[in-house]
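Working notes, beginning with the structure itself.
The values are calculated or read from the model by the stated rules, or taken from the named source; none is laboratory data. Because the structure is a prediction, the values reported are computed rather than measured. Glycine also receives a Cβ, built like all others from the backbone with ideal geometry; neighbour counts cover every protein chain displayed. The area values use the complete protein model at the heavy-atom level, side chains included, leaving out ligands, DNA and RNA. Shrake-Rupley method; radii C 1.70, N 1.55, O 1.52, S 1.80 Å.
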Amino acid sequence: MAIIETEATLHEAHRDNHTHRDVSGGWLRPAVFGAMDGLVSNLALMTGVAGGAVSHRTIVITGLAGLAAGAFSMAAGEYTSVASQRELVEAELDVERRELRKHPKDEERELAELYQARGVEPDLACEVARQLSKDPEQALEIHAREELGIDPGDLPSPSVAAVSSFGSFALGALLPVLPYLLGASALWPALLLAFLGLFACGAIVARVTAKSWWYSGLRQLALGGAAAGVTYALGTLFGTAVG
C-alpha cells in the first residue's frame, strides 16, 4: 500500500513539474510585440523629427499622427491577414467535408495509413480509424488536425485580431508622446519613458522565451535605442540640408 501511494505521489509530482512554455505565445506574444512595434516606430519617428530642430508642437502632432496612422494600419493589416487565412482554412475544410461525404471509405483508409505511418499496428490503426469515422464531424476534426494541422473549432477571429493589434500598438506608441501631453518641452523625458517601456516589453517577452528577463530587456532597449539614435541623426542631417 505504501509503495502504491509513493508511486502515485511521484507520478503527481512528475505531472506537476513536467510543463512546457507556451511556444505559440498565446495572447501575450502578439500583444507585447504589437506594443513594442508601436513604441519603437513612434519613438523613431518623433526623434527623427526632433533631430530637425522643429517646434514642440510639431513633435507632438507628429507623435499623435504616427500613433493613429500606425494603429489603423496595424489593425487593417491584421484583419486582412487573419480573414484571408481563415477563408483559406474554411475552403480547405469544405474540400475535406465533401471528400468525407463522397468517399468515406477512402478517407477512413487514409486515416488508418496515417496512424500506421506513426507506428500503430495495421489492424489497430484500421479499427481506430473505423471508430473515429462513425461521427462525420469528429472525422472532419481528426482529418483537419492530421492533414492540415488545424483545429476547426479554434479558428482565429479577424475582428479580435484587429482590435488587439490596434490597442497594443496604440498603447506602445503613446509612451513617447505622453510626456509632451503632460507638459514636457524637452525630448529627454520622452526618451526616458520610452526606454523604460522598451526594457519592460523585452522583459515580458522573456516569459515566452528561454532567455533571462534582464537579457531580453537590455536587448530590446539596445535595438530601440539604436533606431532612435539613427533617426535622430538622419533628422539632424536632413534638417540642416533642407534648412
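Probe of 1.4 angstrom, ligands and nucleic acids ignored: what's the accessible area per residue over the chain, in square angstrom?
Per-residue value: 61 Å².
With +1 on each Lys and Arg Cβ and -1 on each Asp and Glu Cβ, how big is the dipole of the chain about its Cα centre, in debye rounded to the nearest 20?
1660
Short version: ³J(HN,Hα) in whole Hz for each residue of the range 170-186, in order, from phi by Karplus 6.51 cos²θ - 1.76 cosθ + 1.60 (θ = phi - 60°), x for Gly and Pro, what are they?
Working through the residues one at a time gives 4, 5, x, 5, 6, 4, x, 7, 4, x, 5, 5, 8, x, 5, 10, 10 Hz.
What's the extension gain from V95 to D154 if we count 0.36 nm per residue and subtract their Cα-Cα distance?
Separation in residues times 0.36 nm, less the Cα-Cα distance, equals 19.4 nm.
Note down the nm distance, to one decimal, between modelled labels 7 Å out along Cα→Cβ at A65 and at F238.
Here the answer is 1.1 nm between the modelled labels.
If you take the charge dipole of the range 79-171 about its Cα centre, with +1 on Lys and Arg Cβ and -1 on Asp and Glu Cβ, which of A91, Q131, Y115 is farthest toward its positive end?
A91
So what J values fall out for the range 70-76 if you push phi through Karplus, 6.51 cos²θ - 1.76 cosθ + 1.60 with θ = phi - 60°, rounded to Hz, Gly and Pro as x?
Here the 3J(HN,Hα) series is x, 5, 5, 5, 4, 5, 5 Hz.
I'd like the carbon and sulfur percentage of the solvent accessible area for the chain, probe radius 1.4 Å, heavy atoms only, ligands and nucleic acids excluded.
Heavy-atom surface of the chain belonging to carbon and sulfur, 1.4 Å probe: 63 percent.
5 Å is the cut-off here: which amide hydrogens, built 1.01 Å from N in the peptide plane, fall below it relative to I150, excluding neighbours closer than 5 in sequence?
Answer set, sorted by chain and number: R145.
Below 8 Å, C-alpha to C-alpha, sequence gap of six or more: please give me the relative contact order for the chain in percent.
Relative contact order here is 38 percent.
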